[in-house]
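The values are calculated or read from the model by the stated rules, or taken from the named source; none is laboratory data. All of these numbers come straight from a predicted model, not from anything done at the bench. Note that we place each Cβ from the backbone using ideal geometry, even for glycine, and neighbour counts take in every protein chain shown. These accessible areas exclude ligands, DNA and RNA; they are computed on the full protein's heavy atoms, side chains included. Shrake-Rupley method; radii C 1.70, N 1.55, O 1.52, S 1.80 Å.
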Amino acid sequence: MSGPAVVVGAGPNGLAAAITLAEAGRDVTVLEAADRPGGGVATEELTLPGFRHDVFSSVYPASAASPVFARWPLERHGLRWVHPAACYAHPLPEGRAGVLFRDVDATAGSLDALAPGDGERWRAFATPYLRHFGALRATMLSGFPPLLGPARLLAALRLGGTLEFARLLLVPASALGEEIFRSGGARAWLYGAAMHGDVPPHGAGSAIAAAYLNLLGHAVGWPSPEGGASRLADALVGHLSSLGGRVRTGARVTRIAVERGRVTGVEVGDDRVPASIVVADVLPAALVALCGDALGGPYAAALRRFRLGPATVKVDWALDGPIPWENAQVAGAGTVHVGGDEDEVLAATAHVGATLPERPFLLLGQQSVADPTRAPAGKHTAWAYTHGSRRVDWAAQTERTVAAMEAQVERFAPGFRDRILARHVLGPADLEARNDNVAGGDVGGGSYGLDQVIFRPVPGLSPYRTPVRGLTLGSAATFPGGAVHGVPGRAAARVALAEARIRRF
């Protein structure tokens, strides 16, 4: 069959799926509930006129490394990457800091300043993976099952090196930190990278997140799109349009239609959109709701067991100048991990109860230091978010959390609060209201606990297939998971196309 195709959701995975379908000659329509495409890739003037803030995601090492995005001429549609002087910095007490630069030698120098020898130990750890980065990328950024990448890693690193890499999938970042570093400051630096996921540094499986994000920094950097995250979404939409695909915004899909086990289209209110292929860029629970009983009991039950990650509170600031960090190297970093020394980071990230730590761990971005288009002349933007348990009463805790976040920044940048012109706060419910895929404030598309790292969203040979013929799932809830790289969307579209070819015969 070669009928029309529909993609539900215009996030980066949905757009990647649509482009893949259009490349195959399909008449494809993307249906997006929001009034703009992009999903978690969006930029708005949240605080004051002229201050451009990324509403959700902002820093894109996985996008820069993505083999999916590399296929397409996104620069022809306005995408330009901006690299800050440093990928990220981790300020420490007494004006010290650990810094990840794209250059391994510069990074080693930063770590050696914390403890002589720690830089060389990091270099020894990172160099084999960077020498064979193509194999590492093929392992981490491919559809399921990831076969070619691990085979290339085995050839490059031999059995011992490959088993050592596999061990990173199982051990906590705290164990890796103890193995590599002598300095608590260097270990805190490593743990900060792990906190881009939802598994704390002492949790099994957090080592791979910490190591991989740092390796991405050396290999491709931690860039952001010039002018704001929405420029990436615009480029994807532009390329899709050049292939004949369309995006309909303000079009909330209310039902996926299924007849005799085969998808036949979707419903948008009273409008029926026919389709022989439907790729859903939605969370597992949303897919169950859209399909009703059509998915079958066991599969639907498995989707309902899919666990979300922690809740998130995000603050955006319009600033009267750059953040006055004590350490000059922190001032040039696009991302800052604000959490203090090793003990403080471990204490803050171990907190999973119904209350929040007095000193929360923050992921902070200051894109305007490298991209002056983000703010009026002489002014700056910044954002920060922190995670907390889904059991927290966020309506009662958000104001206190924001105050604690600003106090954390003030510790390492005295005078920060004096530069705040305006702030904009998004609690968990606010984030979900803006994007259905950020359910409960989970910005990662589902938890990355050890049992959900590989088999996302359910165990099986293909995480993208569903029991309904012609319907595939291509969101961050599927392998290889979140970050903005388009791999799940493209993989889901390719599965749907392959099954359509089989049915034709």
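The table for this structure:
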| read-out | value |
| --- | --- |
| From T381, T373, T386, residue being in a helix (DSSP H, G or I), of a type in the set (V, I, T), under 26 Å from G11 (Cα atoms) and at pLDDT 95 or above | T373 |
| Hits in the stretch 345-399 (condition: open to solvent by 40 Å² or more (accessible area, probe 1.4 Å) and among the charged types (D, E, K, R)) | E358, R359, K379, R390, R391, D393, E399 |
| Subset of the stretch 427-478 that is among the basic types (K, R) and within 18 Å of G14 (Cβ to Cβ) - its residue that is most open to solvent (accessible area, probe 1.4 Å) | R465 |
| Close pairs from the stretch 254-270: first within 13 Å of A289 (Cβ to Cβ) and free of Cβ contacts under 8 Å to residues at least 12 places away in the same chain, partner of a type in the set (A, V, I, L, M) and part of a loop (DSSP other than H, G, I, E, B), Cβ under 9 Å, at least 6 apart | none |
| All helices (runs of 4 or more DSSP H) inside the stretch 249-339 with 1 or more residues being closer than 30 Å to Q408 by Cβ, of a type outside the set (A, V, I, L, M) and at pLDDT 95 or above | 328-331 |
| Residue that is of a type outside the set (K, R), modelled with pLDDT of 95 or more, touching a Leu at 6+ places or on another chain (Cβ under 6 Å) and open to solvent by 10 Å² or more (accessible area, probe 1.4 Å), where the choices are A5, A85, A24 | A24 |
| The stretch 403-420, subset part of a helix (DSSP H, G or I) and touching a strand residue (DSSP E or B) at 6+ places or on another chain (Cβ under 7 Å), residue most open to solvent (accessible area, probe 1.4 Å) | R419 |
| Matching residues, the stretch 487-505, being in contact with a Ser or Thr (Cβ under 6 Å, 6 or more places away or on another chain) and either assigned to a loop (DSSP other than H, G, I, E, B) or not charged (D, E, K, R) (or both) | P488, A492, A493, V495, A496 |
| All positions within the stretch 209-238 that are in a helix (DSSP H, G or I), among the aliphatic types (A, V, I, L, M) and either under 15 Å from the mean Cα position of the chain (by Cα) or closer than 30 Å to P376 by Cβ (or both) | A209, A210, L213, L216, L232, A233, A235, L236, V237 |
| Conditions (1) in a helix (DSSP H, G or I); (2) over 19 Å from the mean Cα position of the chain (by Cα); number of the one not met by G98 | (1) |
